[in-house]
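First up is the structure itself, then whatever we jot down about it.
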Amino acid sequence: MSSSSSSFSSCAESGNPSPHPAAAPAGVRPARRRCHDVFWLVVFLLHLFVIGGMLALAGLNRFRMADRFNIDPFVQAYTNHTAAPPAPQPEPPGPDVTVTKHKALPSELTETYWKYYGAAGAVGTVLAWAWLAAAAGKRDGGRVAMRAAVHSLTAYLAVVSVLCFWGKHFFWGVALAVGAALHFLYVMSVIDRFPFTMLVLQKAVRMVWELPKVTRVAYAFVLVMLCWMALWSFGVSGIVAMHIPNRGQWWLVLALSVSLFWTGAVLSNTIHVIVSGMVFLVLIHGGQAAASMPPKPLLKSLQYAVTTSFGSICYGSLFTAAIRTLRWEIRGIRSKIGNNECLLCCVDFFFHIVETLVRFFNKYAYVQIAVNGHSFNRSARDAWELFQSTGIEALIAYDCSGAVLLMSTILGGLITGTCTGVWVYFTQSDKAIIVGSTSMLMGMILVGLTVVVVESAVTSIYICYAEDPLLIQRWDPEFFEQMSEALHERLQYRSSRARQILNGRLDHLPSTSSI
C-alpha cells in the first residue's frame, strides 16, 4: 500500500500518473515510464497486419467478379483434405444439363453481403452513441438505461429464440432459449444485490457526467473501431460469398471473429485506462475545476495509454473478459448451493481455480496501469492484494455492476444482429445466421466501447476507496457513508458464514472419547 500512496502524492504534485520517488534529490527528474509487455504488443500489431492482409485478399477475391484471384479451388481442396472423406457423389448430369460456375451463383459477390455489414455497423454505432448519451447526458439516464437492459434481456433472448425456431434454425433457437433461462436464473439469484449495484452505477455515471471530455474520447474510439470494421466486414463478406465445403466458412469466420473480439477488447481497455487516469486525477485533486489540477490531463492519459501501457493492454485484453464472466457464473452457482457437501466441494474446486486466475487477470489492473504504469500481471496482483488487505474484495464480490453493464452490451449486440439477420433472411435465408451472428459481435463491440466508460469509473472508485477512503469522502460524503456501511455488513456476513461452515464440518467429525 505504501507504493500506491506514493503514487498519489506524485500525481498530486505533477499531474503525471506515473509514480516517482517523493524524496528525489533536487534537480533530478522523476523516472519516466517504461514500456511493459512488449512481446504482446508486437504480437497484436503482427496480428493486425496479417489479418488485415487476409481480409483484403478475401474481400477483393469476390469483388465485382467471382474468384478474381483464382483461390477458391485451393481453399476447397484444403478444406476437403482436412475434413472427413466426402460421401459418394451422384452421377454427373446428362449432356442436356449445363451448369457453369458463373451461371450457378451469379450474385455471390462481396458487395452482396457488404451492405448488410454496413447496416450492422450503422445500427451498432447509433446504439452505442445513444447509450452513452443517455447515461452521461442526464443524472438519472444511466440508471434507466441499465435497468431496462437488465429487465429486457431475458425477454429479448426468448423472442430471438422463437424467431430462430420459426426460421428452422433449431440449434440457435435452443442455444438462445438456454441463454434466456440462464440469464433469468442469474438475475433472480442476485436480485437482492441490485439496490447497492445501482447505487454504485449511479455514482459512476455522475463521475462521467462531470467529465464530458471522456465521452468524446469514447465517441472517437467508436470511429476508429468502425474503420477497422470496414476492412473486417469487407473480408468477411468475401468469405461468406465463397462456397467452401464442410462448413469451412464457419471456421474462417470464427477465427476472424476472435481477431475482431481481441481488437475490440484492446480499444475498449485503452478507453478504460484513459478514463481511469482521468477519474484518479479528479478524485486526488478534489474536482476537475480545482486549482491544483494539472493542465491537459486527458491528453496525458491518452498519451500513456497508447504508448508505454499499450503492450499491457494488449496482453490483458486476451483473458480478462472470459475469466471475469466465468467468475460471475461460478459465484452465482456457489451462492445458491445449500447443504450438498459433494456439489459444494466440486464447485469450490473450480471457484478457487478461477480465483487464482483472477489474481493475474482482473479489470482493476487497468486502473493500476493508468496510475503506476506497471506491467499487467504486476498491476493485477497489486490491485488484488490491495483489496484482500483492506477487505474491499467482499464489497466488490457483492457488487454486480460489471454484469449489469455486460447485459447492456449483449442487448446492444442482439438488437444489431436481429436487425441485420431479419433483413438477410428475407433476401438470402441460408446466410441469415452467419451474417446475423457476426453482426451481433460487431454491435457488442461498438456498444462495449461506450459502456466501458462507466465501468472504468466504477473500478476507479473502488481502487481509490481501497487506497484512501478519504478521497471518496471528500468527493461525496453520503456515498462514502453508504459504502462504509455496506462494507461492514459484508464483512460481518462473511465472518458469520465462515463460522457456520466451520461448525458444520466439526459436527460431522466422529466423536472421540477422552483418554
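The values are calculated or read from the model by the stated rules, or taken from the named source; none is laboratory data. Quantities reported herein were computed from a predicted structural model and do not represent experimental measurements. Quick reminder, even Gly has a Cβ in these numbers, built from the backbone with ideal geometry, and neighbours come from all protein chains shown. These accessible areas exclude ligands, DNA and RNA; they are computed on the full protein's heavy atoms, side chains included. Shrake-Rupley method; radii C 1.70, N 1.55, O 1.52, S 1.80 Å.
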Against the condition within 24 Å of Ala128 (Cβ to Cβ) and either crowded, with 18+ Cβ neighbours inside 10 Å or free of Cβ contacts under 8 Å to residues at least 24 places away in the same chain (or both), how does Phe310 come out, does it pass?
yes
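Might you check whether a residue that is closer than 30 Å to Arg216 by Cβ and in a helix (DSSP H, G or I) occurs anywhere in region 425-439? Spell out the reasoning first.
Step one: list which residues in region 425-439 are closer than 30 Å to Arg216 by Cβ, which gives 438-439.
Next cut, in a helix (DSSP H, G or I) only: 438-439.
The answer is yes, given that some residue of region 425-439 is closer than 30 Å to Arg216 by Cβ and in a helix (DSSP H, G or I).
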So Pro195 passes all but one of these: (1) free of Cβ contacts under 8 Å to residues at least 12 places away in the same chain; (2) of a type outside the set (D, E, K, R); (3) farther than 22 Å from Tyr398 by Cβ. Which condition number does it fail?
(3)
Filtering region 437-468 down to residues that are modelled with pLDDT under 90 and open to solvent by 30 Å² or more (accessible area, probe 1.4 Å) yields Asp468
Could you check, for region 164-183, whether at least one of its residues is under 30 Å from Val275 (Cα atoms), open to solvent by 30 Å² or more (accessible area, probe 1.4 Å) and in contact (Cβ under 8 Å) with a residue 60 or more places away in the chain?
no
Region 269-293, residues that are modelled with pLDDT under 80 and either open to solvent by less than 10 Å² (accessible area, probe 1.4 Å) or out of contact with any His (no Cβ under 8 Å at 6 or more places or on another chain) (or both):
His285, Gly286, Gly287, Gln288, Ala289, Ala290, Ala291
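Going by the conditions given, is Leu406 within 17 Å of Ser456 (Cα to Cα), open to solvent by 20 Å² or more (accessible area, probe 1.4 Å) and not charged (D, E, K, R)?
Details: within 17 Å of Ser456 (Cα to Cα): yes; open to solvent by 20 Å² or more (accessible area, probe 1.4 Å): yes; not charged (D, E, K, R): yes.
The answer is yes for Leu406.
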Kindly provide the set of residues from region 412-436 that are among the polar types (S, T, N, Q) and crowded, with 19+ Cβ neighbours inside 10 Å, ordered by number.
Thr416, Thr418, Thr420
With over 28 Å from the mean Cα position of the chain (by Cα), open to solvent by 20 Å² or more (accessible area, probe 1.4 Å) and closer than 20 Å to Arg206 by Cβ as the only criterion, which of Glu489, Glu478 stands out?
Glu478
Within region 227-252, residues surrounded by fewer than 20 Cβ atoms within 10 Å (Cβ to Cβ) and within 17 Å of Ala56 (Cβ to Cβ) come out as Cys227, Trp228, Ala230, Leu231
What are the pairs with Cβ atoms under 6 angstrom where one residue, in region 449-478, is in contact (Cβ under 8 Å) with a residue 60 or more places away in the chain and the other, located anywhere, is among the basic types (Lys, Arg)? Sequence gap at least six, or different chains.
Thr459/Lys363
